[in-house]
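Chemist: Sharing a structure, written as structure tokens. Questions coming.
Derivation of every value follows stated rules applied to the coordinates shown; laboratory data play no part. Being a predicted model, the structure only gives us computed values, none of them experimental. Because the Cβ atoms are built from the backbone with ideal geometry, glycine has one as well, and the counts that use them run over all protein chains shown.
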Amino acid sequence: MLLDVLEPCLWTKRLLQNQSIFLQENGSIMSPIKRRHFLQAAGATLASLGLSQWDIRQRAEQYGRVLAQGTPGRKLALLVGVNAYPDKIPNLKGCLTDVELQWELLVHRFGFNPKDILVVADQRLAVTDSEPLKPTRDNILTAFTTHLGQAKSGDVVVFHYSGHGSRIIDPYPIPELIINGEKMPNTDRLNGTMVPTDRLTSDPAIVQDIMGKTLFLLTRSLKTELVTAVLDSCHSGGGTRGGLTFRAVPSRVDGDRYAKPSPAELELQHRLMKDLDETKLLALRKQGIAKGVAIGSAQFDQYAADAAFDNETFHAGAFTYLLTRYLWQSDTKESIKSAFVNLARSTKDLAANTKYPVEQFPLFAANPVSNEEKRAYFLTPNQPWAEAVVRTVKPDGQVEYWLGGTSSLSLAASSKGGLWAVIDANGNEIAELEQTSRTGLTATGKVRSGQLSNLQRGTVLREKIRGVPTDLKLRVSLDASLGNQLEAAKAALQKLERVQVVSVEQGADCILGRLTPAVLQQVKRGQTQRGAVLPNVETVGLFLTGLRPIAPTFSDQPGETAQAAIDRLAGRFKSLLAGKLLKLVTGSDVVLVGQSSAYKVDIAVVPKGSRIATTPKTFKEGTTVQVQIRNQEKRNLYVAVIGIGESGKLTPLYPYWNSAESEALLGAGQTLLTPVQGDSYIFTLEGTGSLEVLVLASEKPIRDALKGLQTIAAGRGAEAGSRAPLALSGEEELGFVEALMGDGDRNTRSDITVSRDMNAINRRQLAAISTILEVVK
């Protein structure tokens, strides 16, 4: 669907160029967009939707909904979610959650009147006060024309669709598609679609899908230019892979035949064209979207994940969850282009830690191009950034709140005992809430300080004290490719300390499997980085959920037993657990990678000796670099630098094990460049792929972590005069992060009394700022 919007080749090239220029011009906190970075979250192509035939006025009366006339400045939204499909179409699980995520965001951050948001879904939701319209073809189209059609010039319109996508024959197709940034001939004459519940007809070759071409015409017919379309679906075929379900149904209905649009669809397009003929319409479609801004969750040949989170307590579209979280936390003045760039560069790290690493690279379009500089939804948020919002306040003082701005990894650390700051419209803390329980994205709590009267529906919250579990474990799943070695592998894993064997659907951190020829084909279908080096066939190693291999975990020799692989990977399991714990301790699992809610700190990784102040888009293998940290606060901060390899390997880069505690102190307004002239260590980028550089900042020293490094160095007999990082084993990585957590817990408890059942981390005392480097040959 988004495809139709973004298919024009020249336009899309210009968009990609603009993103590259933007990254280079706008500061060190932004990392380059890379297709594979945009896995993690999403799923469709934008501009491929359609309608059917009916008399709008008569339909409006049937629904019994009286719609007020729009006035300039009104905000209108149509949110469509489809989980339940007929027997021949696989059901989805996360589309209704997507609707709730958008609804809460639009109402409580962007100031939409709930009465101006129309929901079309297959069942009633907590946010709706009545049964919603069912997502049939006619209902979706009627909702669009009667509800969004009210918009006048200057009104804001948001259209969101979560559900299956597909592709069907277009009698007048766009001649070329953009796939992975390259022009490809549209030889099959296809158009992306949105799949309603009544898709199937008596003729298997004809379907009632809504085409992207129709969405283009519908959007064009609106009287306002302030239109945002968000599509979370895909067209690359349905099914499951590595525990994930994808939001697409097969395009072919019989062998190599593609389905055709219904006569009603074509007639509707004809009616909507009005003053256009097919030649003029095709020319417009080649130029880009009809108007406004369009965002799609995946490219033409990629998957959109319908993912399970938090041990299957809830499902959501990976992309919608990421997008809405980002918009909850983003700056009120940020442009949609900036948001999209940050969102894209956040997804790789997010995917690796939120259980859906399928490679997705979202699509973004604006018409006119100047809309790229507008704010999200063409609005300034009427609430400060937040991570949660109050839904109800009960007479007994119990508060229920929605955690839509919180990451799934953070959820695991926020079941009980964590503290939330209650925030007023000016961003000031006015009360404190202690969490008492949580299920999925819904939590309950009680006021710990401040007045209960300060809380009402729509009051926003920020995480204040994060409770990190004392018994955190690495969750490992076993893939069927292990064959008759499954039981032996399970028994071997269960003997490992702090490793838990789970099904992939329960939210595994990684999957142990064998790269059989069949698995290799699935891996290749999910790749967007063409030519990436893959492990040898029939070797055993670890995958991220979605079957993305962690290459360094595979042996070179085929035929290794699962038991032998587990013995070989014992240290790697500790390393992965250390990475998981680090994200929880530092809060670096939040969407706004490169930014910090606690302190104003800028970072950049630059070639050694250069004068540039921003992280380049890519680095050549072998480049020697330095990390540049600037403290923009009016107070001194202790800083630390940690390198995280693509496989999750951690290396503390600064301060060194033999550094004095005072060396980590960065004065107000000062800049640190490390490694410096005279250090034994030279930071050289070896190998290709991604490297995350994570900078920690705190007003209090990270004393225990530094002592831990000194103990390790002493045990190795390291030379006292050597100023260089220590290469840590998996066990040592875990010990270092646990010491870091001990620092955070001690510093937190020195200021506030919190539950002893958890490790307490004050999110305002420890900030994490990261940037991701792309190393190429």
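Chemist: Taking K and R as +1 and D and E as -1, what net charge do the other residues with C-beta under 13 Å from the C-beta of residue 705 add up to?
Modeler: -3
Chemist: Moving on to the next point. Compute the length gained on full extension between residue 533 and residue 487: take 0.36 nm times their separation in residues and subtract their Cα-Cα distance, giving the result in nm to one decimal. If you can, show how the numbers build up before the last one.
Modeler: Values: separation 46, 0.36 × 46 = 16.56 nm, distance 3.03 nm.
Net length gain for the segment: 13.5 nm.
Chemist: Here is a further query. Taking every pair of Cα atoms in segment 556-692, average 1/r, invert it to obtain the Kirkwood radius, and report Rg/Rh to two decimals.
Modeler: That ratio is 1.02, to two decimals.
Chemist: Mind checking which aspartates and glutamates have their Cα closer than 18 Å to the Cα of residue 464? Skip sequence neighbours fewer than 8 apart in that chain.
Modeler: 387, 400, 424, 429, 432, 434, 589, 699, 743, 745, 751, 757
Chemist: Classify segment 423-576: rounded, prolate or oblate, from the alpha-carbon gyration tensor (a ≥ b ≥ c, eigenvalue square roots; a/c under 1.5 rounded; otherwise prolate if a/b is larger than b/c)?
Modeler: Numbers: a/c = 3.44, a/b = 2.34, b/c = 1.47.
Since a/c reaches 1.5 and a/b is larger than b/c, the shape of segment 423-576 is classed as prolate.
Chemist: Can you tell me how much longer the chain between residue 682 and residue 88 gets when fully stretched, taken as 0.36 nm per residue apart minus their C-alpha distance, in nm with one decimal?
Modeler: Value of the extension gain: 207.9 nm.
Chemist: Mind listing the long-range amide H neighbours of residue 176? Cut-off is under 5 Å, sequence gap 5 or more, other chains count too, H placed in the peptide plane at 1.01 Å from N.
Modeler: Residues meeting the criterion, in which the H sits 1.01 Å from N, are 186.
Chemist: Sticking with the crude label model, points 7 Å out along Cα→Cβ, report the distance from residue 273 to residue 720 in nm, one decimal please.
Modeler: 8.5 nm
Chemist: Can you compute the FRET efficiency between residue 651 and residue 129 using 1/(1 + (r/R0)^6), with r the Cβ-Cβ distance and R0 = 51 Å? Round to the nearest 0.05.
Modeler: On the way: r = 54 Å, r/R0 = 1.05.
Approximately 0.45, to the nearest 0.05.
Chemist: Right, something else. Normalised by the number of residues in segment 632-757, what is the relative contact order in percent for Cα pairs under 8 Å and 6+ residues apart?
Modeler: Here the relative contact order equals 33 percent.
Chemist: If you place +1 on the Cβ of every Lys and Arg, -1 on the Cβ of every Asp and Glu, and leave all else neutral, what size is the dipole of segment 705-777 about its Cα centre, to the nearest 20 Debye?
Modeler: In debye, rounded to 20, segment 705-777 gives about 220.
Chemist: Moving on. Determine the gain in length on full extension of the stretch residue 731-residue 673; use 0.36 nm per residue of separation and subtract their C-alpha separation, reporting nm with one decimal.
Modeler: Details: separation 58, 0.36 × 58 = 20.88 nm, distance 2.94 nm.
So the extension gain works out to 17.9 nm.
Chemist: Please give the net charge around residue 337, taking every other residue with its beta carbon less than 11 angstrom from that of residue 337, where Lys and Arg add +1 and Asp and Glu add -1.
Modeler: Counting the neighbours of residue 337, the net charge comes to -1.
Chemist: Between rounded, prolate and oblate, where does segment 696-777 land on the alpha carbon gyration tensor, with a ≥ b ≥ c its root eigenvalues, rounded for a/c under 1.5, else prolate if a/b exceeds b/c?
Modeler: Values: a/c = 2.18, a/b = 1.41, b/c = 1.55.
Judged from the Cα gyration tensor, segment 696-777 comes out oblate (a/c at least 1.5, b/c at or above a/b).
Chemist: Ranked from highest to lowest mean number of other Cβ atoms within 10 Å per residue, what is the order of the peptides 494-502, 621-629? Can you show the working numbers first?
Modeler: Details: 494-502: 14.6, 621-629: 18.1.
With the highest mean Cβ count within 10 Å placed first, the list reads 621-629, 494-502.
Chemist: Along the charge dipole of segment 402-531, Cβ charges K/R +1 and D/E -1, which of 460, 430, 500 sits furthest on the positive end?
Modeler: Positive-most Cα among the choices belongs to 500.
Chemist: Work out the FRET efficiency for residue 425 and residue 311 from their Cβ-Cβ distance, taking R0 = 45 Å, and round it to the nearest 0.05.
Modeler: Efficiency computed from Cβ-Cβ geometry: 0.80.
Chemist: Here is a follow-up. Using a Förster distance of 41 Å, how high is the FRET efficiency between residue 503 and residue 280, based on the Cβ-Cβ distance and rounded to 0.05?
Modeler: Calculated transfer efficiency: 0.15.
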